[in-house]
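To start, the structure itself, in structure tokens.
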Amino acid sequence: MILVAIDTATTITGLALCQHGDLLAEAAWHSGRNHTAQLLPQLDLLLRHVGATPADLGAVAVALGPGSWSGLRVGLSVAKGLALAADLPLIGISSLEALAYQQQRRGLPIYPLIRLGRERFASATFRFTDWIERQTPDRNITLAELCAEIDERALFCGDLDDQVCTQIQTHLGEERALFPTPAATLRRPGFLAELAWQRYQNQTYDDLVALEPVYLGEAVQPKVAVKS
């Protein structure tokens, strides 16, 4: 049985395959807004690389966001389609939890960041002891608002660039603001799969119909022509 993990929460798309808790393959790439065109061909390629077919899938995991409205819809639609077609368990995982779990820094609060636009970010507070523990719910917040609440050394990960790191260091100082290397902060779908595998073992599945993505940002609304 192979579990597939799908992540289209942002312009970085990720896929991972795991079997019995072991990571078989993963791919993460900058897809821009081309999730729809790239996701299924890449999944087919990844399955062929490990000598498997869609018939070998036994569970489907998907990143629920926060993230982009269009990207999350693509990932959840594909995940639900795979689960429905083969009657597979469906497992939704918080994108912020997966980012924090990837770091596994003991003793430090971890603040994963996902860019929402308009200088706002999705974030939450996590700590890692024997397992990742959530301290706060997901929030839509500015860097200044987030840093104003922090009074200790903290690790930031996720959507980091030089400008974001500089802003955080300006608010907190270099001693209190810690960052992974660029390669270590890339959102890897293998960790999403690892979290989902724990849920699969505990048979903690999500309802196929009720499962919805988490946006936090403003949804994109189509323009409606107004008759004069």
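The values are calculated or read from the model by the stated rules, or taken from the named source; none is laboratory data. Everything numeric in this text was worked out from a predicted model, so none of it was measured. Heads up, the Cβs are rebuilt from the backbone with ideal geometry, glycines too, and the neighbour counts pull from every protein chain shown. Please note that ligands, DNA and RNA were not included when accessible areas were found on the heavy atoms of the full protein model with its side chains. Shrake-Rupley method; radii C 1.70, N 1.55, O 1.52, S 1.80 Å.
Remark: the residue 42-residue 69 segment gains 7.6 nm on full extension, using 0.36 nm per residue and subtracting the alpha carbon distance. Scoring 136-146, 175-185 by mean Cβ neighbours within 10 Å over their residues and listing the highest first yields 136-146, 175-185.
Here the chain is treated with +1 on each Lys and Arg Cβ and -1 on each Asp and Glu Cβ, and its dipole about the Cα centre works out to around 540 debye. Relative contact order, whole percent, for segment 1-51 stands at 29, derived from Cα pairs under 8 Å and 6 or more residues apart. Using the Cα coordinates of segment 18-152, the gyration tensor eigenvalues translate into equivalent-ellipsoid semi-axes of 31, 19, 13 Å, sorted from longest to shortest.
Between residue 210 and residue 77, full extension at 0.36 nm per residue minus the direct alpha carbon distance yields a gain of 46.6 nm. Here the average projected area of the convex hull drawn through the C-alpha atoms of the chain stands at 14.6 nm². Remark: C-alpha extents of segment 1-47 on the principal axes read 32, 17, 11 Å, sorted largest to smallest. Give the angle, between 0 and 90 degrees and rounded to the nearest 10, that separates the Cα long axis of helix 189-201 from the longest principal axis of the Cα atoms of the chain. The angle comes out near 70 degrees.
Backbone geometry of segment 35-49 corresponds, through the Karplus equation with coefficients 6.51, -1.76 and 1.60 at θ = phi - 60°, to 3J(HN,Hα) couplings of 4, 4, 6, 9, 5, 5, x, 5, 5, 4, 5, 5, 5, 5, 4 Hz, x marking Gly and Pro. Restricting to Cα pairs below 8 Å that are 6+ residues apart, what does the relative contact order work out to for the chain? Please round to a whole percent. That works out to 24 percent.
Rounded to the nearest 20, the size of the Cβ-charge dipole of segment 5-78 about its Cα centre is 260 debye, with Lys and Arg at +1 and Asp and Glu at -1. Charges were assigned to the Cβ only: +1 to each Lys and Arg, -1 to each Asp and Glu. The resulting dipole of segment 94-204 about its Cα centre is roughly 320 debye. Surface analysis of the chain yields an accessible area of 51 Å² per residue, using protein heavy atoms and a 1.4 Å probe. Phi angles across segment 106-119 convert, under the Karplus curve 6.51 cos²θ - 1.76 cosθ + 1.60 with θ = phi - 60°, into 3J(HN,Hα) values of 6, x, 10, x, 10, 10, x, 10, 10, 5, 10, x, 6, 6 Hz, Gly and Pro given as x.
Extension gain for residue 174 to residue 131 (0.36 nm times residue separation, less C-alpha to C-alpha distance): 12.7 nm. Taking only the Cα atoms of segment 111-185, the radius of gyration and Dmax are 11.8, 36 Å.
With everything on Cα atoms, drop me the angle between helix 69-86 and the longest principal axis of the chain, reported from 0 to 90° to the nearest 10. In the chain, helix 69-86 runs at an angle near 30 degrees to the longest axis. As a fraction of the 1.4 Å probe accessible area of segment 118-176, surface on carbon and sulfur atoms comes out at 43 percent. Sequence-ordered 3J(HN,Hα) estimates for segment 161-169 from the Karplus curve with 6.51, -1.76 and 1.60 and θ = phi - 60° stand at 9, 4, 5, 5, 4, 5, 4, 5, 5 Hz, glycine and proline given as x. Between 111, 131, 101, whose Cα lies farthest towards the positive end of the dipole of segment 99-139 when Lys and Arg beta carbons carry +1 and Asp and Glu beta carbons carry -1, centred on the Cα centre? It is 111, whose Cα lies furthest towards the positive end.
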